[in-house]
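Colleague: I'd like to ask you about the structure that follows.
Taken together, the values in this text are just the output of simple stated rules run on the coordinates, not laboratory data. In this text the structure is predicted, and so the values were computed from the model without any measurement. Note: ideal-geometry Cβ built from the backbone for every residue, glycine included; neighbour counts use all protein chains shown.
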């Protein structure tokens with residue numbers, strides 16, 4: 001009976017191994033089926049608006065679109081750089097100071113106007129008004145200073161300081 005028991009045990013173990021292998025394979029097949037269903041669903045979603053195109057055609061179309069957008073973005077960056085350069089040299093700071101050039105008039109008709117860019121380059125205009133005449137002066141300003149051959153009046157200096165003190169958003 002020892003031989004029969006050994007054969008039974010061997011047959012049982014072989015059958016058990018076979019059934020276990022079948023169950024593992026069935027689990028793997030179900031897992032693969034689930035993943036395949038998920039992939040098919042994503043594929044259908046991706047191809048929904050492809051209008052009969054293949055994946056290669058769709059990718060080529062998208063690549064072309066991306067390249068066009070990148071080219072347009074580069075053009076925009078160039079335009080922005082040009083505009084920023086123009087903005088740096090444009091009029092950004094202005095200050096006006098009114099004053100009485102002559103004590104007897106008392107009307108405050110004389111004035112100074114400082115007009116500067118973001119680098120404090122520009123001009124100071126002055127107009128001295130009297131009862132009989134008016135005189136106008138223009139003095140260039142570079143980096144916040146007047147050239148050595150010119151001298152600023154206290155009103156012109158005041159206008160220049162006010163203009164330079166104005167905050168500019170870059």
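Colleague: Looking only at 54, 37, 90, which one moves most when the chain is put into a Gaussian network model with springs between Cα atoms under 10 Å?
Modeller: 37
Colleague: How do 9, 153 line up, fewest other C-beta atoms within 10 Å first? The partial results should precede the final answer.
Modeller: Numbers: 9 10, 153 18.
The fewest-first ordering by Cβ neighbours comes to 9, 153.
Colleague: Helix 55-88 against the longest principal axis of the chain: what's the angle in degrees, Cα atoms only, rounded to the nearest 10?
Modeller: Computed tilt is about 20 degrees.
Colleague: Would you give the gap between the C-alpha center of the range 96-151 and the C-alpha center of the range 2-67, rounded to a whole Å?
Modeller: About 86 Å separates the Cα centre of the range 96-151 from the one of the range 2-67.
Colleague: Calculate the FRET efficiency for residue 60 and residue 14 from the Cβ-Cβ distance with a Förster distance of 35 Å, rounded to the nearest 0.05.
Modeller: Numbers: r = 56 Å, r/R0 = 1.60.
So, using R0 = 35 Å, E works out to roughly 0.05.
Colleague: With angles folded into 0 to 90 degrees, how steeply does helix 154-165 sit against the dominant principal axis of the chain? Use alpha carbons for both and round to 10.
Modeller: 10 degrees
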